[in-house]
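K.L.:
Would you mind keeping the following structure in view while I ask a few things?
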Amino acid sequence: MDSIHVIFADGSSVDVCPGTRVVELAASAGAKNLVAAKIDGNPVDLNRPLEKDCTVDWIAPDSAHGLDVLRHSTAHLMAQAVQSLFPDTQVTIGPTIDDGFYYDFKRSEPFSPEELEKIEQRMQELAKANLKVVREELPRAEAIELFRNMGEDYKVEIIEGINEKTVSLYRQGDWVDLCRGPHVPSTGAIKAFKLTGVAGAYWRGNEQNEMLQRIYGTAFHSKDALKEHLRLLEEARKRDHRRLGKELDLFSFHPSAPASPFFHPKGATVYNQLIAYMRRLYVRYGYDEVITPQILDVELWRRSGHYDHYRDSMYFTEVDERQFGVKPMNCPGHTFIYAAKKRSYRDLPLRIADFGRLHRYERSGVTSGLTRVRSFSQDDAHIFCAPEQIEAEIGSLIKMLREVYQTFQFTDMEVKLSTRPKDYIGELAIWDSAEAALGQALTKEGIDYQVNPGDGAFYGPKIDFIVLDALKRGWQLATMQLDFNLPERFDLIYTASSGSEARPVMIHRALLGSIERFMGILIEHCAGAFPLWLAPVQLKILTVTDDHKEYATSVFKQLRDAGWRVELDGRNEKLGYKIREAQLAKIPYAVVIGDKEVAGQTVAPRRRGGENLAPLALGQFIEQLRAEVALEVGAA
């Protein structure tokens, strides 16, 4: 071959000699500040030689792919620093994650905060040394022998599980690791990083395996970007729902019920208000609420497909020599309600909602506060409709979803259409039809979406809605799943207008998702400062002295009788101290009662943010509160 034809992303092209390295191509093309490139769509190192005609696209450090390369390379830098300081430590795996990276190490003792500082300092030294990062490819057997001689047992195990004739390694200085790459061309390209924490982690995430030490870190393309990220991390720590849940007396956990929250009175108030809000929407959007059993015969779960596809996440029990499954979801039970009587096309769509308690086994290593629990409830609903009603129902769901997210001030949203997974049930033609129907519904609603290949439920494709919170973190909340398979498995039918029998379509739908998880996300989104309608304590009455207790008690009773969640603080403490306590408790209004209020039979409200309102009659204040709630929750 005399030359290689290269086409760039902008459509321009160039011919180069075989063996030309990507970095040389970049220099000739005037491309600067790169960490890697894509050849025919595949990320590669800048030192990769060109071997055939191809397309080339550049990867800048501030791009999504660029950050991934930087963070992966920084994970290697961290592992090199660890082993240079603690030579007896074995390295295992070190992937990138959403906002950084981690590396798991085999070490007899946990890393201390002081050691973490030493590791970070050593990383700075290695970065300044600007060590070349060089890719090598070895026959699999040679790589096994290399790492066995190095005492890297975990690397040997990884390579033995790779079904390839050759494997790739990366060297920087005298350090080497197994990796697919790509990586930065030298350690000098790594300029802004921070180690963020240490945790225990089981090898390969299996609780039966050895416990390893995991070091977390992050890296960015610039020091300013890193500084902003660290600021957001600190803000996230302040907003951590586990911390605020304790401070605000909302919920707690106990070893007697692992990963299953105990909601205290204030937390239960928020929880029930969330459900009450959804119930008000159900009236307007045409849902009927049902209650279904907690445990059902295991044959139901076999028939639905959950036993084959989901049993590792289920709890089972035995009664009267029959095996039962504790329900992880409501959908199979709802098919019984549909089938309890004959249905006609006039009955459709049938929308049924269920706040039943669900149980799913989550490994202890992945449970986290309210956001990953084993016992929970969902704002769960299923819609049984005719195929021609799918588009209208999805449209109605999206309208409802927008209203819900506006109420909770989730203004930014991403949408993904998840398609058929490898482990699926049903016919391919049915799946193709279902995926097309969801795509058409989204297009009609004017919603841009990404296709998420292979991430659908085992029984049907789904639409996932990811909201961004106040810190711009993405959370998957709502889901809409189109299911042609369960109606088939449970032989659900209705009489069509023609008089013939037809099969309904089943739409699985949740907007908040798990109430527990949504509550945890919401606490962090609003930093525990719930809007007035949702706050567990909406008002706190504060007396200036004991002389004001009688009138304050009268105000308290009137507010309580009007339906407001109110507390009275009549303690003989300084007013400033009481106000400070109310602010720390994030109560929307502190209502001060002093001499002027008693004399004028008024109240002096103070908003949570510190704004003092003009004194006004209690009736006027109540009307003002009602108007504020109406504005917050809209028509719901």
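K.L.:
Does Pro110 qualify as being loosely packed, with under 15 Cβ neighbours inside 10 Å, assigned to a loop (DSSP other than H, G, I, E, B), over 27 Å from the mean Cα position of the chain (by Cα) and in contact (Cβ under 8 Å) with a residue 60 or more places away in the chain? Quick ask: steps written out before the conclusion?
P.N.:
Working: loosely packed, with under 15 Cβ neighbours inside 10 Å: yes; assigned to a loop (DSSP other than H, G, I, E, B): yes; over 27 Å from the mean Cα position of the chain (by Cα): yes; in contact (Cβ under 8 Å) with a residue 60 or more places away in the chain: yes.
Judged against the criteria, Pro110 is a match.
K.L.:
If a residue has to be closer than 17 Å to Glu210 by Cβ and among the aliphatic types (A, V, I, L, M) to count, how many in segment 75-95 make the cut?
P.N.:
Of the residues in segment 75-95, 2 are closer than 17 Å to Glu210 by Cβ and among the aliphatic types (A, V, I, L, M).
K.L.:
Can you spot a residue in segment 438-448 that is within 30 Å of Arg343 (Cα to Cα) and free of Cβ contacts under 8 Å to residues at least 24 places away in the same chain?
P.N.:
yes
K.L.:
In this structure, is Glu51 in a helix (DSSP H, G or I) and modelled with pLDDT under 95?
P.N.:
Judged against the criteria, Glu51 is not a match.
K.L.:
How about segment 518-557: which of its residues are of a type in the set (Val, Ile, Thr) and under 18 Å from Pro265 (Cα atoms)?
P.N.:
The answer is Ile523, Val537.
K.L.:
Does segment 378-394 contain any residue that is assigned to a loop (DSSP other than H, G, I, E, B) and either in the same structural domain as Thr495 (by TED's automatic domain parsing) or over 26 Å from Leu250 (Cβ atoms) (or both)? Step through it out loud before you land on a result.
P.N.:
Taking segment 378-394 as the starting set, the residues that turn out to be assigned to a loop (DSSP other than H, G, I, E, B) are 386.
Of the ones still in play, those that are also either in the same structural domain as Thr495 (by TED's automatic domain parsing) or over 26 Å from Leu250 (Cβ atoms) (or both) are 386.
For segment 378-394, residues assigned to a loop (DSSP other than H, G, I, E, B) and either in the same structural domain as Thr495 (by TED's automatic domain parsing) or over 26 Å from Leu250 (Cβ atoms) (or both): present.
K.L.:
For the subset of segment 310-348 comprising residues that are small (Gly, Ala, Ser) and surrounded by 14 or more Cβ atoms within 10 Å (Cβ to Cβ), which member is farthest from Ser500 (Cα to Cα)?
P.N.:
If we filter segment 310-348 for residues that are small (Gly, Ala, Ser), which is where we start, we get 313, 325, 333, 339-340, 344.
Still in the running and surrounded by 14 or more Cβ atoms within 10 Å (Cβ to Cβ): 313, 325, 333, 339.
Details: Ser313: 40, Gly325: 36, Gly333: 26, Ala339: 17 Å.
The selected residue is Ser313.
K.L.:
Please go through (1) in contact with a Gly (Cβ under 6 Å, 6 or more places away or on another chain); (2) in contact (Cβ under 8 Å) with a residue 60 or more places away in the chain for Val44 and return the number of the only condition it doesn't satisfy.
P.N.:
The failed condition is (1).
K.L.:
Continuing with this model, one more query. Kindly list, by first and then second residue, each pair from a residue in segment 309-335 that is in contact (Cβ under 8 Å) with a residue 40 or more places away in the chain to a residue that is part of a strand (DSSP E or B) and among the charged types (D, E, K, R), limited to pairs with Cβ atoms under 6 Å and residues at least 6 apart or on different chains.
P.N.:
Pairs found: Asn330/Asp354; Asn330/Asp380.
K.L.:
Within segment 437-553, considering only strands (runs of 3 or more DSSP E) that don't extend past its boundaries, which have at least 1 residues that are among the hydroxyl-bearing types (Ser, Thr, Tyr) and touching a Lys or Arg at 6+ places or on another chain (Cβ under 6 Å)?
P.N.:
Those strands (runs of 3 or more DSSP E) span 474-483, 539-543.
K.L.:
Ok, one more. From Gly11, Gly19, Gly41, grab the single residue that is modelled with pLDDT under 95, within 37 Å of the chain's Cα centre (by Cα) and small (Gly, Ala, Ser).
P.N.:
Gly41
K.L.:
Given (1) under 42 Å from the mean Cα position of the chain (by Cα); (2) in a loop (DSSP other than H, G, I, E, B), identify the lone condition not met by Arg571.
P.N.:
So the condition that Arg571 fails would be (1).
K.L.:
Checking the conditions here, which among Ala429, Ala457 is surrounded by fewer than 16 Cβ atoms within 10 Å (Cβ to Cβ) and modelled with pLDDT under 90?
P.N.:
Ala429
K.L.:
Read through the list (1) touching a residue at least 24 places away in the same chain (Cβ under 8 Å); (2) over 23 Å from Ala75 (Cα atoms), then give the number of the only condition that Asp249 fails.
P.N.:
Every condition holds for Asp249 apart from (1).
K.L.:
If you check Ser304 against the conditions, is it of a type outside the set (A, V, I, L, M) and not assigned by TED's automatic domain parsing to the domain that holds Phe376?
P.N.:
The answer is yes for Ser304.
K.L.:
Related question: Considering each of Leu77, Leu116, Leu85, Leu67 in turn, give the residue that is hydrophobic (A, V, I, L, M, F, W, C), in contact (Cβ under 8 Å) with a residue 12 or more places away in the chain and exposed (fewer than 15 other Cβ atoms within 10 Å of the Cβ).
P.N.:
Sole residue among the options that is hydrophobic (A, V, I, L, M, F, W, C), in contact (Cβ under 8 Å) with a residue 12 or more places away in the chain and exposed (fewer than 15 other Cβ atoms within 10 Å of the Cβ): Leu85.
K.L.:
Can you pull out the residues in segment 175-211 that are without any contact (Cβ under 8 Å) to a residue 24 or more places away in the chain, over 23 Å from the mean Cα position of the chain (by Cα) and more than 30 Å from Val23 (Cα to Cα)?
P.N.:
Passing the criteria: Gln208, Asn209, Met211.
K.L.:
Any idea which of (1) under 28 Å from Arg503 (Cα atoms); (2) in the same structural domain as Gly513 (by TED's automatic domain parsing); (3) modelled with pLDDT of 95 or more is the one Asp297 doesn't satisfy?
P.N.:
Tallying (1) under 28 Å from Arg503 (Cα atoms); (2) in the same structural domain as Gly513 (by TED's automatic domain parsing); (3) modelled with pLDDT of 95 or more, Asp297 fails exactly one: (2).
K.L.:
Against the condition among the β-branched types (Val, Ile, Thr) and at pLDDT below 95, how does Thr96 come out, does it pass?
P.N.:
Numbers: among the β-branched types (Val, Ile, Thr): yes; at pLDDT below 95: yes.
Judged against the criteria, Thr96 is a match.
K.L.:
Further question on the same structure: Which of the residues spanning segment 608-625 are among the charged types (D, E, K, R) and at pLDDT 95 or above?
P.N.:
Glu623
K.L.:
Right, next: Quick check: is even one residue across segment 156-165 surrounded by 15 or more Cβ atoms within 10 Å (Cβ to Cβ), in contact (Cβ under 8 Å) with a residue 24 or more places away in the chain and either within 30 Å of Trp58 (Cβ to Cβ) or basic (Lys, Arg) (or both)? Spell out how you get there, then give the answer.
P.N.:
Start the filter on segment 156-165 by keeping residues that are surrounded by 15 or more Cβ atoms within 10 Å (Cβ to Cβ), which leaves 156, 158-159.
Still in the list and also in contact (Cβ under 8 Å) with a residue 24 or more places away in the chain: 158.
Narrowing further to those that are either within 30 Å of Trp58 (Cβ to Cβ) or basic (Lys, Arg) (or both): none.
Checked segment 156-165: no residue is surrounded by 15 or more Cβ atoms within 10 Å (Cβ to Cβ), in contact (Cβ under 8 Å) with a residue 24 or more places away in the chain and either within 30 Å of Trp58 (Cβ to Cβ) or basic (Lys, Arg) (or both).
K.L.:
Here's something else I'd like to know. Among the residues of segment 367-396, what is the count of those that are within 24 Å of the chain's Cα centre (by Cα) and farther than 13 Å from Ser260 by Cα? Steps first, please.
P.N.:
Of all residues in segment 367-396, those within 24 Å of the chain's Cα centre (by Cα) come to 367-382, 394.
With the extra rule that they be farther than 13 Å from Ser260 by Cα, the set shrinks to 378-382, 394.
Residues in segment 367-396 being within 24 Å of the chain's Cα centre (by Cα) and farther than 13 Å from Ser260 by Cα: 6 in total.
K.L.:
Taking segment 225-241 as the search range and keeping residues that are touching a residue at least 12 places away in the same chain (Cβ under 8 Å) and acidic (Asp, Glu), which one is farthest from Phe518 (Cα to Cα)?
P.N.:
Glu235
K.L.:
Just give me the residues in segment 589-612 being assigned to a loop (DSSP other than H, G, I, E, B) and either farther than 14 Å from Leu542 by Cβ or out of contact with any strand residue (DSSP E or B) (no Cβ under 9 Å at 6 or more places or on another chain) (or both), in sequence order.
P.N.:
Matches in segment 589-612: Gln601, Gly609, Gly610, Glu611.
K.L.:
Of everything in segment 532-566 that's farther than 20 Å from Glu632 by Cα and among the polar types (S, T, N, Q), which residue is surrounded by the most Cβ atoms within 10 Å (Cβ to Cβ)?
P.N.:
Result: Thr543.
K.L.:
Considering only residues that are surrounded by 14 or more Cβ atoms within 10 Å (Cβ to Cβ) and over 30 Å from Ala527 (Cβ atoms), which ones fall in segment 595-614?
P.N.:
Within segment 595-614, Glu597, Val598, Thr602 qualify.
K.L.:
Considering only segment 575-588, state which residues are in a loop (DSSP other than H, G, I, E, B), without any contact (Cβ under 8 Å) to a residue 60 or more places away in the chain and not aliphatic (A, V, I, L, M).
P.N.:
Pro588 - this is the single residue of segment 575-588 that is in a loop (DSSP other than H, G, I, E, B), without any contact (Cβ under 8 Å) to a residue 60 or more places away in the chain and not aliphatic (A, V, I, L, M).
The values are calculated or read from the model by the stated rules, or taken from the named source; none is laboratory data. Since this is a predicted model, take the numbers as computed values, not measurements. We place every Cβ from the backbone using ideal geometry, glycine too, and count neighbours over all the protein chains shown.
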